[in-house]
Amino acid sequence: MRLDQLLPWIRRSISLRLAIILAVVVGLTVPSAVLVPYYLNTLESAARQKNIEDHNRLVDILSVILSEPLWQITPEIANISSEVVYSDPRVSSIEVITLPDHKDFIKNNIRKQTQKGPFTSMVREIRHGGQVIGEVKLELAEDLMQDSLRSDFRRFVTTSVLSLLLAILFILLVLQWRLVRPVKILMEKSDRLANGELDEPIALNREDELGRLAHSLEMTRRALKHSFGELEIKNQQLLEYSSTLESKVKQRTHELENANTNLEAALKDINSAQAELARVERMAALGSMVAGVAHELNTPLGNCLLVASTLEDETKRLLQMVEEGQIRRSDLTRYASTALDSTKLLLRGLQQSAHLVGDFKQVAVDQSSAQRRKFGLLVTLQELSALLHSSLKKTPYTLELDIPPDIELDSYPGPLGQVFTNLVNNAVIHGLEGKPSGNMRCTAERQGEHVQIVFTDDGKGIPQEIINRIFEPFFTTKFGQGGSGLGLSITFNMVTNVLGGTIHVSSEAGGGTRFELRLPLVAPGDAKDDTMYFGS
């Protein structure tokens with residue numbers, strides 16, 4: 001059989017069901033075959049980038065915490081301090097040498113004997129008071145990363161195959177239900193129509209192409225039947241129409257009343273859902289702040305613990321020398337110097353922790369309630385910026401405040417803080433997404449009995465076709481990707497209903513976004529309950 005005869009034969013032999021199956025299988029497997037290698041390559045690149053970042057962070061930590069032990073020439077303390085980093089299972093070895101004599105100070109490479117590699121190493125200078133006193137070399141093994149990538153590969157392939165099979169099955173079931181079976185029904189009805197059986201009506205009760213085809217066949221059936229008894233059919237239709245017109249009008253009126261009642265109930269449900277989602281979003285934002293504060297407290301408290309343990313060891317050593325009667329003036333001097341330095345470090349770390357806890361306590365009270373009080377605008381936004389810093393420092397974006405210190409409001413710091421947080425999150429998630437760097441800026445200016453707050457970013461801007469919809473509830477460009485569409489809607493309601501102000505947005509493609517808030521220095525009304533957050 002020649003090629004010009006084979007192709008028509010194949011087209012004639014392939015049924016509609018088989019053609020649909022082939023189209024579904026090819027349409028789903030080809031994109032999957034293209035996207036799977038790309039995803040796996042992206043996954044591996046991200047894992048390697050994270051490994052490099054962790055490597056840099058760990059070696060930087062070592063260069064800081066080993067500075068004092070290396071200066072004091074106390075290898076025991078250096079070994080204890082390095083355990084913080086060596087506890088990471090990826091660390092193969094830690095080597096420290098003194099400069100300029102290049103002598104070994106500490107070396108820990110026991111774990112390397114059990115690791116397969118490959119290994120990567122980084123070197124950092126150790127400074128004390130601006131002077132280079134040594135070098136630290138940190139070596140990491142990539143065993144765990146390779147195992148994780150292999151596990152991710154197996155899990156992704158398994159998930160992809162199962163998803164593909166389920167998608168094919170679901171699509172075939174839908175096509176069988178919505179296409180193959182209705183076509184078969186229409187074929188049977190068409191055969192009866194061809195045989196002259198005109199009494200049974202043809203209908204699919206559908207609004208798609210098959211429904212219109214069924215309607216065309218029904219019109220054909222009626223036209224054929226009309227040719228045999230046109231006058232009788234018309235008279236019967238007129239009689240039926242006149243007798244049932246009044247009942248149809250009553251029925252339609254009743255249906256419209258029921259539909260209106262259902263719409264009102266649905267609107268109440270939507271408002272309730274919106275209020276609940278807004279409350280959940282506020283609590284989620286507060287939870288994010290808690291995580292950020294915990295992360296920020298980890299470093300100063302860890303340093304305090306390290307210094308306290310070092311001071312405890314020195315004190316035990318001094319008491320032992322006192323009991324043995326071997327204490328010397330130089331020992332007392334060295335202990336006093338160590339105690340003084342340790343006390344300074346402890347005070348510095350504890351003061352930093354106390355400052356973070358104080359900021360968080362005030363912001364947490366404001367965020368979880370709508371209590372009215374007098375507050376300084378600059379101090380409130382600085383506290384919020386400090387809490388947002390832990391999440392912003394993971395991004396290449398910066399936040400700058402330019403607010404006069406003398407602006408004081410008698411208003412609701414909780415809703416105002418939520419507005420500020422929503423604007424920052426909106427800029428990071430939507431405006432600056434995908435950019436290698438970006439800047440957010442918040443300025444304020446007093447205008448009589450009002451203050452004008454301007455929040456800008458240099459992101460990609462808002463398209464003109466959607467800028468008038470960004471304050472609508474549930475409107476989001478991140479649908480299905482974690483976006484609720486309530487952030488800016490809540491912001492609008494808080495500004496207009498709770499804070500008694502106005503908000504305006506302007507933007508252009510590629511030119512960033514500008515939010516202008518005009519708030520009274522003395523907010524109207526009292527905060528009695530959380531319903532003020534959502535408006536009427």
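The values are calculated or read from the model by the stated rules, or taken from the named source; none is laboratory data. What you are looking at is a predicted structure, and each value in this text was computed from that prediction instead of being measured. A quick note on method: Cβ atoms are made from the backbone with ideal geometry, for glycine too, and the neighbour counts reach across all protein chains shown. Calculation scope for accessible area: heavy atoms of the full protein, side chains included, ligands and nucleic acids excluded. Shrake-Rupley method; radii C 1.70, N 1.55, O 1.52, S 1.80 Å.
Assorted remarks:
- The Cα-based radius of gyration and maximum Cα-Cα distance (Dmax) for the stretch 61-134 are 12.5, 39 Å.
- Residues whose placed amide H lies under 5 Å from that of LEU399, excluding near-sequence neighbours: MET440
- Spatially proximal aspartates and glutamates relative to LYS225 (Cα-Cα < 20 Å; intrachain offsets below 8 disregarded): GLU188, ASP191, GLU197, ASP199, GLU200, GLU240
- Extension gain from VAL30 to GLU76, taking 0.36 nm per residue of separation minus the Cα-Cα distance: 10.5 nm
- For SER506 and ASN258, the FRET efficiency from 1/(1 + (r/R0)^6), where r spans their Cβ atoms and R0 equals 41 Å, is about 0.40.
- For TRP71, TRP177, the ranking by accessible surface with the largest value first comes to TRP177, TRP71, using a 1.4 Å probe.
- Residues VAL454, VAL84, sorted by accessible area with the largest first, give VAL84, VAL454 [1.4 Å probe; ligands and nucleic acids excluded].
- Spatially, the stretch 160-199 and the stretch 393-459 are offset by 56 Å when compared through their Cα centroids.
- Heavy-atom surface of the stretch 385-484, accessible at 1.4 Å and reported per residue (Å²): 49 Å²
- Computed lengthening from SER242 to ASP410, 0.36 nm per intervening residue step minus Cα-Cα distance: 53.4 nm
- Whole-Å semi-axes of the stretch 392-439's equivalent ellipsoid (Cα gyration tensor): 26, 13, 7
- Cross-link reach is defined here as a Cα-Cα straight distance under 14 Å, omitting same-chain residues fewer than 8 places apart; for LYS460 the aspartates and glutamates meeting it are GLU433, GLU508.
- Straight-line reach from LYS107: taking Cα to Cα under 18 Å and skipping same-chain neighbours fewer than 8 places apart, the aspartates and glutamates in range are ASP60, GLU68, GLU76, GLU83, ASP88, GLU95, GLU125, GLU135, GLU139.
- Spin-label model distance (nm) - ARG181 vs ALA308, 7 Å beyond Cα toward Cβ: 7.1 nm
- Area accessible to solvent at ASP88, 1.4 Å probe radius, in Å²: 30 Å²
- Whole-percent P(r), the stretch 18-96, all Cα pairs, 5 Å bins from 0: 3, 12, 15, 12, 9, 7, 7, 6, 6, 5, 5, 4, 4, 2, 1, 1, 0.
- Model label points for ALA265 and LEU173, set 7 angstrom from Cα along the Cα-to-Cβ axis, are 2.9 nm apart.
- Mean Cβ neighbour count within 10 Å, used as a protection proxy, ranking 27-39, 405-417, 506-518 highest first: 405-417, 506-518, 27-39
- Based on protein heavy atoms only, the stretch 106-181 ends up with 65 Å² per residue of surface accessible to a 1.4 Å probe.
- Among residues other than SER411 with Cβ under 9 Å from its Cβ, the summed charge is +2 (Lys and Arg +1, Asp and Glu -1).
- Environment charge of ASN262, counting only residues whose C-beta is closer than 14 Å and scoring Lys/Arg +1, Asp/Glu -1: -3
- Accessible area of MET321 (1.4 Å probe, protein heavy atoms only, ligands and nucleic acids ignored): about 30 Å².
- Entries in LYS50/LYS393; LYS50/LYS103; LYS103/LYS344; LYS189/LYS248; LYS189/LYS234 that, when Cα-Cα distance is taken, lie over 21 Å: LYS50/LYS103; LYS103/LYS344; LYS189/LYS248; LYS189/LYS234
- Extension gain, THR220 to ASP191, is 9.1 nm, computed as 0.36 nm per intervening residue step minus the present C-alpha separation.
- Rounded percent of accessible protein surface that carbon and sulfur make up, the stretch 25-66, 1.4 Å probe: 69 percent
- Approximate spin-label separation SER337-ARG373, in nm, with each point projected 7 Å along Cα-to-Cβ: 4.7 nm
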